[in-house]
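Engineer: Okay, here's the structure, questions in a sec.
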Number of protein chains: 2
Amino acid sequence: MSGKERLPVRGAQGDLLRLVAGGQAESRAELARLSGLAASSVSLRVEELIGSGLLVEEGSGSSRGGRRPRRLRVSPSAGLLAVADLGGRHARLGLLDLSGSPLVVEERPCDIALGPEATLDWIAASFEELLATHAPPGVPLRGIATGVPGPVDPATGRVVSPSRMPGWNNFPVAEHLGAHYDLPVLVENDANLLAVGEARAWPDAETLMVLKAGSGIGCGVIVNGSLHRGRGAAGDISHVRVRTDSSVTCSCGHLDCLEAYASGAALMSVLAEQGIAVGRPSDVVALVDDGIPEATALVRNAGRLIGEVLTVLVNFLNPDAIVVGGSLSRAEPLISAIRAAVYERCLPLATRDLEIAVSRSGPDAALLGAGTLLLDAVLR
Amino acid sequence: MSGKERLPVRGAQGDLLRLVAGGQAESRAELARLSGLAASSVSLRVEELIGSGLLVEEGSGSSRGGRRPRRLRVSPSAGLLAVADLGGRHARLGLLDLSGSPLVVEERPCDIALGPEATLDWIAASFEELLATHAPPGVPLRGIATGVPGPVDPATGRVVSPSRMPGWNNFPVAEHLGAHYDLPVLVENDANLLAVGEARAWPDAETLMVLKAGSGIGCGVIVNGSLHRGRGAAGDISHVRVRTDSSVTCSCGHLDCLEAYASGAALMSVLAEQGIAVGRPSDVVALVDDGIPEATALVRNAGRLIGEVLTVLVNFLNPDAIVVGGSLSRAEPLISAIRAAVYERCLPLATRDLEIAVSRSGPDAALLGAGTLLLDAVLR
DNA sequence: CCAACTTCTTTCGAAATCGAAGATAAAGCG
DNA sequence: CGCTTTATCTTCGATTTCGAAAGAAGTTGG
């Protein structure tokens, strides 16, 4: 339907376009500084990009003491990205323009337990719906990305041994999702997408740990400004053994995994045992906000356990910041307990300038991250 | 004395020279592949480098099915690097050529407790001695590097809060060591140097954890093929809390740090309590080799504790390999206990292709690492 | 308001880089 | 042994990039 044509970018144009699209540069001068190209070369390439309709000049930026820069933006008609973030019981879906800004974002209920085919076909149908409703006429779709709540092999786009995605093991998600399109398709772990999305909001941080505290616990790692995947499974902290008095066997077969104590699912099941029924992790936050002592104590304990695990990782990785996202991140006691544990036990050298903060990018962070990663695939 | 002249490399020449010096490329064709430059450009630049005496053509390499490549090497007369690795009671010192190959390496006793001035002046004098004895006439010194057993602020070359270097806190090591020369001077943590040195022997590993098990415990982290420093303190694992029955207060003021149980110093002090006097960590290895049960049990326990800490980090970082170096690494029970703990408790996804091995680069690894890092500074 | 200074952007000749085609050299194979 | 295949290295015209200089547009401060 909407276009399958390759973007007409050659050589250095792609680099420049990516810098503008990624929000890192807004003027020819910034492009010259960041790309390492000579100002004259930048001007030439930018002229070409404007000529081919991918960039537009839009007013002028604010002066830094001299002539005002002429502000550059990716043209709204340069293309669209369809992005999704799949959770256990609902998904967020959206369309972004090529600068990564959302045109529309929706949250819809869905159930990944229905299996990969049904779920992915539903995503594709939802994308078509969004495109039909919200895409300006003539603007082509340039790429598709989705986040999934499990480990992804980056090479193949397959889900690998996902603990919370029954029936998905080794399913070729990227292949299936992109079957009807001739477009770049990207599949990535949800915490990794969140991390990439947050990283855009932390431009000064080279090393970043982004925790996703939802019904599971995940962590995305940014090293040197870009996502660290390791062999595909990096960022897992849910199956670290924690020190507790009691003793619980985790679904992975080991004793006392962090996930068994501090994940949203674990908190919900403890609350259920105490006769407090809750349906989703954000309900736990609501209970905390309402001052229910059982919930607060549970969340604080979860924070302490998470913090103790982070302790090891902070000493080791020495990040610039820890960002906490996911639905549980809105619970104040969680953050403060994490802070307390990390600051108490870590080396002063590691916590000297360490910031521990709640997500800056809001609920769409993962979708923005999907856009950022997808841009790299599209503009190259 | 010997030269202070800058290397006459401009633009792309530096990149090419670095690739040859770093052992990554041996022929024009490899240079073209790795540098991304066109083969023709590579030929031109290589011709220039040969003309200025920095590169030499030396026989031919082995064919990969076609014409043999003409092997390139950095000229032995292109320059020398003076490198040192400072330990608590002794130092290794050496001279390397610009391809990072050692001309001479010596181990000499020294005592860092004498303070920074005395120690650094001694290093400088030792360098002069080595140069006078071993440097071919007319070959200029191009750079100086030393490893130190403590955290280093990479920006300033100062040692920061080192626990095992009394009197060194905040001392401007790089500045002092380089005072008499107008040359690049590099100061780096010893475990980090070891990691860089090992990384050369693991060309296929993008993510690498290199453990230095000596009288202290350190770890260097290679991410994406290059050293990860974080804010300067990355790689610290010695002050992670371990799970034990007993309870010991570490020098850092916290309870049950790994270092207090598993470092060479800790093992030695336990052995001393048992009436077995040993002077240095390698003596512990000797005891193990002699089958002394107390020593073997201790070392195996240390390996288990280290392995349990690595467990967390392996899940998180998902490295390609863990390399164990340092004087204790020659104790078999240490390695096997580490392996057992990691393979037992880590996620299958993380251990699937994980290799846990002893240092490949031998006792000079840290010096080679110093050379590698120094080359980057010199050839730019 | 004007002069001095910054910063952004373009112009234009010089230099570096590319890429295609050919020359060189060796391995594999009937 | 001579052919084909593979790989390395060089030549040369076309293209891209650079860098210095100048023009454009603003800020700052007397």
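Engineer: Inside the stretch B:158-175, can you point out the residues that are in a loop (DSSP other than H, G, I, E, B), open to solvent by 10 Å² or more (accessible area, probe 1.4 Å) and at pLDDT 90 or above? Steps first, please.
Structural biologist: Within the stretch B:158-175, the subset in a loop (DSSP other than H, G, I, E, B) is B:160-172.
Restricting the remaining residues to those that are open to solvent by 10 Å² or more (accessible area, probe 1.4 Å) gives B:160-164, B:166-167, B:169-172.
Within the stretch B:158-175, B:Val160, B:Pro166, B:Gly167, B:Asn169, B:Asn170, B:Phe171, B:Pro172 meet the criteria.
Engineer: Same structure again: Inspect all residues belonging to the stretch B:101-117 and state whether any of them is under 28 Å from B:Phe171 (Cβ atoms), in contact with a Pro (Cβ under 6 Å, 6 or more places away or on another chain) and part of a strand (DSSP E or B).
Structural biologist: no
Engineer: So which residues in the stretch A:12-33 are open to solvent by less than 40 Å² (accessible area, probe 1.4 Å), more than 9 Å from DNA strand D (Cβ to nearest atom) and of a type in the set (Gly, Ala, Ser), if there are any at all?
Structural biologist: Selection gives A:Gly14, A:Ala21, A:Gly22, A:Ala25, A:Ser27.
Engineer: Would you confirm whether or not the stretch B:22-45 contains a residue that is part of a strand (DSSP E or B) and either more than 15 Å from DNA strand C (Cβ to nearest atom) or within 14 Å of another protein chain (Cβ to nearest Cβ) (or both)? Give the steps one after another, and end with the answer.
Structural biologist: Restricting attention to the stretch B:22-45, the residues satisfying the condition of being part of a strand (DSSP E or B) are none.
Checked the stretch B:22-45: no residue is part of a strand (DSSP E or B) and either more than 15 Å from DNA strand C (Cβ to nearest atom) or within 14 Å of another protein chain (Cβ to nearest Cβ) (or both).
Engineer: Turning to a different aspect of this structure: Of the conditions (1) within 16 Å of DNA strand D (Cβ to nearest atom); (2) touching a residue at least 60 places away in the same chain (Cβ under 8 Å); (3) among the charged types (D, E, K, R), A:Arg64 fails just one. Which one is it?
Structural biologist: (2)
Engineer: Considering only the stretch B:71-94, state which residues are part of a strand (DSSP E or B), of a type in the set (A, V, I, L, M, F, W, C) and farther than 16 Å from B:Pro363 by Cβ.
Structural biologist: Here is the first cut: in the stretch B:71-94, the residues part of a strand (DSSP E or B) are B:71-74, B:80-86, B:90-94.
With the extra rule that they be of a type in the set (A, V, I, L, M, F, W, C), the set shrinks to B:72, B:74, B:80-84, B:86, B:91, B:93.
Hits for the stretch B:71-94 are B:Leu72, B:Val74, B:Leu80, B:Leu81, B:Ala82.
Engineer: Of the conditions (1) open to solvent by 40 Å² or more (accessible area, probe 1.4 Å); (2) more than 24 Å from B:Leu183 (Cβ to Cβ); (3) more than 8 Å from DNA strand C (Cβ to nearest atom), B:Glu48 satisfies every one except a single condition; which number is it?
Structural biologist: All conditions pass for B:Glu48, except number (2).
Engineer: Restricting to the stretch B:205-260, what's the tally of residues that are within 24 Å of A:Glu344 (Cα to Cα), assigned to a loop (DSSP other than H, G, I, E, B) and open to solvent by 20 Å² or more (accessible area, probe 1.4 Å)?
Structural biologist: Matching residues across the stretch B:205-260 total 14.
Engineer: Another question, then. Could you identify the single residue in B:Ala145, B:Ala191 that is within 25 Å of B:Arg280 (Cβ to Cβ), assigned to a helix (DSSP H, G or I) and either of a type in the set (S, T, N, Q) or in contact with a helix residue (DSSP H, G or I) (Cβ under 9 Å, 6 or more places away or on another chain) (or both)?
Structural biologist: On the way: B:Ala145 fails: assigned to a helix (DSSP H, G or I).
Going through B:Ala145, B:Ala191 in turn, the sole match is B:Ala191.
Engineer: Being over 18 Å from A:Gly143 (Cα atoms), touching a residue at least 24 places away in the same chain (Cβ under 8 Å) and either in the same structural domain as A:Ala132 (by TED's automatic domain parsing) or within 16 Å of DNA strand C (Cβ to nearest atom) (or both) narrows it down to one residue among A:Leu17, A:Leu72; which is it? Steps first, please.
Structural biologist: Details: A:Leu17 fails: over 18 Å from A:Gly143 (Cα atoms).
From the options A:Leu17, A:Leu72, the qualifying one is A:Leu72.
So that you can scan it fast, the table gives a plain yes or no per residue for (1) modelled with pLDDT under 90; (2) within 30 Å of the chain's Cα centre (by Cα); (3) not polar (S, T, N, Q):
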site: B:Ser35; (1), (2), (3): no, yes, no
site: B:Gly59; (1), (2), (3): yes, no, yes
site: B:Ser63; (1), (2), (3): yes, no, no
site: B:Leu72; (1), (2), (3): no, yes, yes
site: B:Ala78; (1), (2), (3): no, yes, yes
site: B:Val83; (1), (2), (3): no, yes, yes
site: B:Leu86; (1), (2), (3): no, yes, yes
site: B:Val105; (1), (2), (3): no, yes, yes
site: B:Asp111; (1), (2), (3): no, yes, yes
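Engineer: Does any residue of the stretch B:142-151 turn out to be more than 14 Å from every other protein chain (Cβ to nearest Cβ), in contact with a Leu (Cβ under 9 Å, 6 or more places away or on another chain), hydroxyl-bearing (Ser, Thr, Tyr) and surrounded by 22 or more Cβ atoms within 10 Å (Cβ to Cβ)? Working first, answer last.
Structural biologist: Here is the first cut: in the stretch B:142-151, the ones more than 14 Å from every other protein chain (Cβ to nearest Cβ) are B:142-149.
Among the residues that remain, those that are also in contact with a Leu (Cβ under 9 Å, 6 or more places away or on another chain) are: B:142-149.
Next, only the ones that are hydroxyl-bearing (Ser, Thr, Tyr) stay: B:146.
From the residues that got through so far, the ones that are surrounded by 22 or more Cβ atoms within 10 Å (Cβ to Cβ) too are B:146.
Looking through the stretch B:142-151, at least one residue is more than 14 Å from every other protein chain (Cβ to nearest Cβ), in contact with a Leu (Cβ under 9 Å, 6 or more places away or on another chain), hydroxyl-bearing (Ser, Thr, Tyr) and surrounded by 22 or more Cβ atoms within 10 Å (Cβ to Cβ).
Engineer: If you check A:Arg68 against the conditions, is it more than 15 Å from A:Asp15 (Cβ to Cβ), part of a loop (DSSP other than H, G, I, E, B) and open to solvent by 70 Å² or more (accessible area, probe 1.4 Å)?
Structural biologist: Values: more than 15 Å from A:Asp15 (Cβ to Cβ): yes; part of a loop (DSSP other than H, G, I, E, B): yes; open to solvent by 70 Å² or more (accessible area, probe 1.4 Å): yes.
Here the answer is yes, as A:Arg68 does meet what is asked.
Engineer: Okay, moving on. Confirm whether A:Ser43 is polar (S, T, N, Q), at negative phi, touching a helix residue (DSSP H, G or I) at 6+ places or on another chain (Cβ under 9 Å) and open to solvent by less than 10 Å² (accessible area, probe 1.4 Å).
Structural biologist: On the way: polar (S, T, N, Q): yes; at negative phi: yes; touching a helix residue (DSSP H, G or I) at 6+ places or on another chain (Cβ under 9 Å): yes; open to solvent by less than 10 Å² (accessible area, probe 1.4 Å): no.
When the stated conditions are applied, A:Ser43 does not pass them.
Engineer: Let me ask something else. Give the residue, chosen from B:Asp204, B:Asp153, B:Asp182, that is modelled with pLDDT under 95 and more than 27 Å from B:Gly225 (Cα to Cα).
Structural biologist: Values: B:Asp204 fails: more than 27 Å from B:Gly225 (Cα to Cα); B:Asp153 fails: more than 27 Å from B:Gly225 (Cα to Cα).
Every option except B:Asp182 fails the conditions.
For every residue, the table says whether it meets (1) crowded, with 18+ Cβ neighbours inside 10 Å; (2) within 16 Å of DNA strand D (Cβ to nearest atom).
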residue	(1), (2)
B:Ser35	yes, yes
B:Ala38	no, yes
B:Ser60	no, yes
B:Ser77	no, no
B:Leu80	yes, no
B:Gly94	yes, no
B:Pro102	no, no
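Engineer: Of the residues B:Ala321, B:Ala266, B:Ala350, only one is surrounded by 16 or more Cβ atoms within 10 Å (Cβ to Cβ), more than 14 Å from every other protein chain (Cβ to nearest Cβ) and of a type in the set (A, V, I, L, M); which?
Structural biologist: Working: B:Ala321 fails: more than 14 Å from every other protein chain (Cβ to nearest Cβ); B:Ala350 fails: more than 14 Å from every other protein chain (Cβ to nearest Cβ).
Among B:Ala321, B:Ala266, B:Ala350, only B:Ala266 is surrounded by 16 or more Cβ atoms within 10 Å (Cβ to Cβ), more than 14 Å from every other protein chain (Cβ to nearest Cβ) and of a type in the set (A, V, I, L, M).
Engineer: Shifting gears a bit: Taking the stretch B:51-65 as the search range and keeping residues that are part of a loop (DSSP other than H, G, I, E, B) and not small (Gly, Ala, Ser), which one is nearest to DNA strand C (Cβ to nearest atom)?
Structural biologist: B:Arg64
Engineer: Among the residues of the stretch B:211-236, how many are more than 19 Å from B:Tyr261 (Cβ to Cβ) and among the hydrophobic types (A, V, I, L, M, F, W, C)?
Structural biologist: Residues in the stretch B:211-236 being more than 19 Å from B:Tyr261 (Cβ to Cβ) and among the hydrophobic types (A, V, I, L, M, F, W, C): 6 in total.
Engineer: Can you tell me which residue among A:Val309, A:Val278, A:Val284 is of a type in the set (A, V, I, L, M, F, W, C), on the phi < 0 side of the Ramachandran plot, out of contact with any Pro (no Cβ under 9 Å at 6 or more places or on another chain) and within 14 Å of chain B (Cβ to nearest Cβ)?
Structural biologist: On the way: A:Val278 fails: within 14 Å of chain B (Cβ to nearest Cβ); A:Val284 fails: within 14 Å of chain B (Cβ to nearest Cβ).
None of the other options fit; the residue is A:Val309.
Engineer: Here is a further query. In the set A:Arg300, A:Arg304, which member is away from chain B (no Cβ under 14 Å), charged (D, E, K, R) and assigned to a helix (DSSP H, G or I)?
Structural biologist: Values: A:Arg304 fails: away from chain B (no Cβ under 14 Å).
Step by step, each of A:Arg300, A:Arg304 is checked, and only A:Arg300 is away from chain B (no Cβ under 14 Å), charged (D, E, K, R) and assigned to a helix (DSSP H, G or I).
Engineer: Also, quick follow-up: Can you confirm whether the stretch B:327-345 contains a residue that is over 18 Å from B:Val210 (Cβ atoms), within 14 Å of another protein chain (Cβ to nearest Cβ) and open to solvent by less than 60 Å² (accessible area, probe 1.4 Å)?
Structural biologist: Yes; the residues of the stretch B:327-345 include at least one that is over 18 Å from B:Val210 (Cβ atoms), within 14 Å of another protein chain (Cβ to nearest Cβ) and open to solvent by less than 60 Å² (accessible area, probe 1.4 Å).
Engineer: Test B:Leu334 against the stated conditions and say whether it is out of contact with any His (no Cβ under 9 Å at 6 or more places or on another chain) and within 30 Å of B:Asp153 (Cα to Cα). Quick ask: steps written out before the conclusion?
Structural biologist: Working: out of contact with any His (no Cβ under 9 Å at 6 or more places or on another chain): yes; within 30 Å of B:Asp153 (Cα to Cα): no.
Considered against the rule, which asks whether it is out of contact with any His (no Cβ under 9 Å at 6 or more places or on another chain) and within 30 Å of B:Asp153 (Cα to Cα), B:Leu334 comes out as no.
The values are calculated or read from the model by the stated rules, or taken from the named source; none is laboratory data. Being a predicted model, the structure only gives us computed values, none of them experimental. Ideal geometry is used to build each Cβ from the backbone, glycine not excepted, and the neighbour counts take in all protein chains shown. With ligands, DNA and RNA removed, areas are computed over all heavy atoms of the protein, side chains included. Shrake-Rupley method; radii C 1.70, N 1.55, O 1.52, S 1.80 Å.
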